[in-house]
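The values are calculated or read from the model by the stated rules, or taken from the named source; none is laboratory data. Predicted model, so just to flag it, every value in this text is computed and none were measured. Note: ideal-geometry Cβ built from the backbone for every residue, glycine included; neighbour counts use all protein chains shown.
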């Protein structure tokens, strides 16, 4: 029997065995949503980098640099961390080096031991589920959180992913967040208005980013880390895929 | 405006400011439920001790020693960690030194900085809420968890406490667990059957302990740590107490 567990903060990652597993890194507001959107809109690849200055050094003719700290674009960077930036396709074909407050750190932590790293978002939830169903590894959802603390929107994604997979498991955090998703699913935006990071983004007038990041299944691609860069592929679909009735979140 | 926040694991306690605050330590299965039950049934005081051997050294004519590791009574100890042990009143007037896998460690961590430490359980939820309403400090609920990981029953208590207090707050973990409690409140036992630690206890045939620990408001006392020992006092009730209608969990 395959398992799924949720690591609700990067500070707890040492308590989870990642070796041999697929780790789905999630930072809903906004790093992982932005990564999925950029790649789905033609960006060639994304190099996630934890350190701001290391990322800045990529600036030049071959790379665009995207940097965010505490919800705002970092000084001197070409781009910030808004998924909406990429919708026009203006950055199609470009290579992006990217650093964010929490998301790129979580990817870096997962790299040490995971056999495979995916980037999760509500925008490509079903595609990720389809890919995971066709795979054979156990799964850890690694929530980026906010500066080490529990973050409701990232953990909520873990609950949504687990409910959509429909597997039995023995992970308390996953069990809790399935219940939260069941409670909130009919109006994620309304429920998450009270979330701490949504409030931070509202203070920066980023409500449109929040609504966009909560859209379910806009994109059909799966985002993988390969040789240090993120790329998108169509979800692989085979006989292990559940019927539409079995996938309660299919839209 | 007073605040409440939830620390979902002792491993994250360094991210929470405890200075000047009331910390409610909770280990539903079973340390904090057992402490409340023992004191409500006449035990004179309880000395919580993290280290097994340090606790063992208290054995003698003046102290009984209670010890649990991994859900089972520790070898050579007078008592284990079952609240049911104390219901007969056979230990009334006795002093108890107690060590458990997760709960006594959480108390020890809180002691470093908190202004006041309470012990939380569903058994005395309303009494604790009444006491907190009559106090003026901010609150941190410190969940004992399971060996550092998120533990659903402890965090669920945080959600129940916060819902009963009825305060506005900006804590994502509290917000999530309020939603879980709303989802599960009509049948806590059924919901928690799937929890990892409940399964551990079921394996030791401790189903009666589980049901007992989930009983709401059996006792009217509040459990405080004073000079290194736990004692019980009646809840202080004053004009700040909500009306029965305002306390949605009053039974």
Hey, residue B:62 surrounded by fewer than 24 Cβ atoms within 10 Å (Cβ to Cβ) and within 22 Å of residue B:149 (Cα to Cα) or not: no
Condition check for residue B:11: assigned to a strand (DSSP E or B), within 11 Å of chain A (Cβ to nearest Cβ) and either at pLDDT 95 or above or closer than 20 Å to residue B:197 by Cα (or both): no
Residue match in the stretch B:7-21 (condition: surrounded by 24 or more Cβ atoms within 10 Å (Cβ to Cβ), touching a helix residue (DSSP H, G or I) at 6+ places or on another chain (Cβ under 7 Å) and closer than 22 Å to residue B:83 by Cα): no
Within the stretch B:171-212, tally of residues that are touching a strand residue (DSSP E or B) at 6+ places or on another chain (Cβ under 8 Å), within 13 Å of chain A (Cβ to nearest Cβ) and farther than 14 Å from residue B:24 by Cβ: 3
Failed item, numbered, when residue B:97 is tested on (1) more than 11 Å from the chain's Cα centre (by Cα); (2) assigned to a strand (DSSP E or B); (3) closer than 21 Å to residue B:215 by Cβ: (3)
Matching residues, the stretch B:123-168, being out of contact with any helix residue (DSSP H, G or I) (no Cβ under 7 Å at 6 or more places or on another chain), surrounded by fewer than 24 Cβ atoms within 10 Å (Cβ to Cβ) and within 14 Å of chain A (Cβ to nearest Cβ): B:147, B:167, B:168
Test: residue A:224 is within 26 Å of residue A:23 (Cβ to Cβ), in contact (Cβ under 8 Å) with a residue 40 or more places away in the chain, within 16 Å of the chain's Cα centre (by Cα) and within 14 Å of chain B (Cβ to nearest Cβ): no
Count of the stretch B:14-30 residues which are more than 13 Å from the chain's Cα centre (by Cα) and assigned to a strand (DSSP E or B): 2
Meets criteria (out of contact with any strand residue (DSSP E or B) (no Cβ under 7 Å at 6 or more places or on another chain), surrounded by fewer than 16 Cβ atoms within 10 Å (Cβ to Cβ) and more than 14 Å from chain B (Cβ to nearest Cβ)) for residue A:68: no
Criterion (surrounded by fewer than 18 Cβ atoms within 10 Å (Cβ to Cβ) and closer than 17 Å to residue B:121 by Cα) met by exactly one of B:186, B:211: B:211
